[in-house]
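Asker: Quick one: the structure is below, and I'll ask about it shortly.
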Amino acid sequence: MRSAPLTLLLSAFLCAAGCSDSGDGDGGETTGSGGATGGTTTSGGSTTGSGATTGSGGGATTGSGGGATTGSGDPTSATSGATSGSGGGATTGSGTGGEGAGGSDGTGGGASARVPAASASTLREAGEKANPPILIGAAISGGGLGNNDYKRVAAAEHNYVTAENEMKWDALEPSAGNFSWGAADNIVNWARQNNMKVKGHTLVWHSQLPNWMSSMTGKANVEAAMRRHITQVMGHFKDRLDHWDVVNEAVQTDSDTGVGNPRMRPTVFYNQIGESYIDLAFQIAREQDPKAKLYYNDYSIDARNAKVDFVYNMIKGMVDRGVPIDGVGFQMHIGPPNNEATGADVAANLKRFTDLGLEVLISEMDINRCGGVVTAEEQLTYYHDIVAACFKEPKCTAITFWGINDGRSWLNSWSGALCNGQSSQSLLFNDQYGKKETYNRVMNALLGK
Ligand code: 9MR
């Protein structure tokens, strides 16, 4: 693992993970905005919240899921009845696929190891035939869905979708109390037509937060606005989504590589409510859906560093207090501007969190080649070993890649990623939607090779 150059550290510090979306000219994609210091998106609206509901915390406990079933091994069907309770989980399996024990979005129950499929012709098939199954996801953009090749590859290879930008606060509630569902509905409906499960991303985050919200003052106002947003958004998608990133990137360090002075990020939520905003967000989400999987999601908690230690203590505190959290998403943005992690690093980190009784997910994986920080050979090794680390852990329930093809990667156009307009070469498919060697390494890992 190489250390990040000073320029990288500086630029990373100035812009927390993710500032811009490259797209490739199809239009229709949200441009990024906002960084660690708060959103810069334009939107009107009042600065005070309104329309709050009252209510008390949910307080549901976590529960280890699992429990699904025999049958097709299709995670989208296996998940539907298996969100709570314990148990489930195969300890062995034939590896021929289709047995489906354990449930794809359960934690694998008592499974001690995941058994790979004997063969598969797509990533999705490899995930569905594994025992227990594992969801194979991609970040999907509205612009991408305007391209037939993109749609074909996305649906053939994945069974899990995260909207890249369309379900963020600025997209869904651009002005106070006024919600805009169209772009998000398009992605969710397309996913469901293709038997893909969707994870809502993301309910509470400092970035891509409209100005009316990021500039709000007063604890009661911010609590009320947060409650309204979570309630309305989860309510709108209630019959279609039961996975949610509830709080995203609540912790920061001096470098976006996860090194130096870990601390709570000073967002409008933290500044006005205090650290308890995180518990509150999960409690509100649990009130909306007693069965949904509720996740905390963050970047640069993949390597062994100060940030993951801090996040571990934060999450352990939540579990100890009975806060209704089901799992933790490791974004897995490897290379500039974020951390570099080996398979062994990732395995060790996943284990710490599963030992708390939680699921873990790889939630936004890409490996950036820009700036010469990660070599071609290192990238292939990381792709294989990191995916294998998740696959081998039955409580690692999903692996999502942050995009489909290199040309559309968010990394290409963000200065912190050192690409200067060049391709980040960070994903599994090239610009003609052909499979790259990175794809082969991921497939090998999913087949236990
Ligand atoms: O890929 C997203 C990009 O198009 C946006 O401009 C950017 C804005 O912050 O957000 C990107 O996605 C981020 C995700 O929502 C949260 N984790 C970091 C991701 C990459 O920046």
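Asker: Among (1) in contact with a strand residue (DSSP E or B) (Cβ under 8 Å, 6 or more places away or on another chain); (2) in a helix (DSSP H, G or I), which single condition is Glu287 missing?
Answerer: Only one criterion is unmet by Glu287, namely (1).
Asker: I need a count of the residues in region 183-224 that are away from the ligand (no atom under 16 Å from the Cβ) and either at positive phi or of a type in the set (A, V, I, L, M) (or both).
Answerer: Number of matching residues: 9.
Asker: Same structure, new question: Please determine, by comparing only the residues of region 279-305 that are within 24 Å of Ser255 (Cβ to Cβ) and more than 17 Å from the chain's Cα centre (by Cα), which one is surrounded by the most Cβ atoms within 10 Å (Cβ to Cβ).
Answerer: Among those residues, the one meeting the criterion is Asn305.
Asker: Output the number of residues of region 195-231 satisfying the condition of being under 27 Å from Leu135 (Cα atoms), of a type outside the set (Ser, Thr, Tyr) and not in a loop (DSSP other than H, G, I, E, B).
Answerer: The number of residues fulfilling the criteria is 6.
Asker: With the requirement that a residue be within 11 Å of Val387 (Cα to Cα) and either over 23 Å from the mean Cα position of the chain (by Cα) or part of a loop (DSSP other than H, G, I, E, B) (or both), what does region 423-448 give you?
Answerer: Those that are within 11 Å of Val387 (Cα to Cα) and either over 23 Å from the mean Cα position of the chain (by Cα) or part of a loop (DSSP other than H, G, I, E, B) (or both): Leu447, Gly448.
Asker: Ok, one more. Out of all the residues in region 325-348, which are crowded, with 24+ Cβ neighbours inside 10 Å and not in a strand (DSSP E or B)?
Answerer: Listed by number, the residues that qualify are Ile325, Asp326, Gln331, Met332, Gly335, Pro336, Pro337, Asn338, Asn339, Ala341, Val346.
Asker: Look through Asp385, Asp320 and report the one residue that is outside any loop (DSSP other than H, G, I, E, B), touching a residue at least 12 places away in the same chain (Cβ under 8 Å) and on the phi < 0 side of the Ramachandran plot.
Answerer: Going through Asp385, Asp320 in turn, just one is outside any loop (DSSP other than H, G, I, E, B), touching a residue at least 12 places away in the same chain (Cβ under 8 Å) and on the phi < 0 side of the Ramachandran plot: Asp385.
Asker: Here's a check for you: in region 166-182, which residue that is more than 14 Å from Phe237 (Cβ to Cβ) and assigned to a loop (DSSP other than H, G, I, E, B) is nearest to the ligand (Cβ to nearest atom)?
Answerer: Pro174
Asker: Shifting gears a bit: Look at region 111-145 and say how many of its residues are surrounded by fewer than 23 Cβ atoms within 10 Å (Cβ to Cβ) and part of a strand (DSSP E or B).
Answerer: Matching residues across region 111-145 total 0.
Asker: If I filter region 433-440 for residues that are away from the ligand (no atom under 16 Å from the Cβ), closer than 27 Å to Leu350 by Cα, among the hydroxyl-bearing types (Ser, Thr, Tyr) and buried (at least 17 other Cβ atoms within 10 Å of the Cβ), do I get at least one hit?
Answerer: The answer is yes, given that some residue of region 433-440 is away from the ligand (no atom under 16 Å from the Cβ), closer than 27 Å to Leu350 by Cα, among the hydroxyl-bearing types (Ser, Thr, Tyr) and buried (at least 17 other Cβ atoms within 10 Å of the Cβ).
Asker: Now for a separate question. Sort out which residues of region 306-320 are surrounded by fewer than 22 Cβ atoms within 10 Å (Cβ to Cβ) and touching an Asp or Glu at 6+ places or on another chain (Cβ under 7 Å), and write them in order of number.
Answerer: Met318
Asker: Please verify whether Val308 is within 16 Å of the ligand (Cβ to nearest atom) and in a helix (DSSP H, G or I), treating the condition exactly as stated.
Answerer: Yes: the conditions hold for Val308.
Asker: Quick check, is Ala163 within 16 Å of the ligand (Cβ to nearest atom), out of contact with any Pro (no Cβ under 8 Å at 6 or more places or on another chain), modelled with pLDDT of 95 or more and aliphatic (A, V, I, L, M)?
Answerer: Yes; evaluated as a whole, the condition is true for this residue.
Asker: Moving on. Kindly indicate the residue of region 414-432 that is touching a Cys at 6+ places or on another chain (Cβ under 7 Å) and within 14 Å of the ligand (Cβ to nearest atom) and also nearest to Thr381 (Cα to Cα) among those meeting that condition.
Answerer: This residue is Ser424.
Asker: Select from region 229-267 the residues that are farther than 24 Å from Asn189 by Cα and either free of Cβ contacts under 8 Å to residues at least 12 places away in the same chain or more than 16 Å from the ligand (Cβ to nearest atom) (or both) and list them in ascending order.
Answerer: Residues satisfying the conditions are Asp254, Val259, Gly260, Asn261, Pro262, Arg263, Met264, Pro266.
The values are calculated or read from the model by the stated rules, or taken from the named source; none is laboratory data. A quick note: this is a predicted structure, and the numbers were derived from the prediction, not measured. All Cβ positions, even for glycine, are placed from backbone atoms using ideal geometry, and neighbour counts span all protein chains on display.
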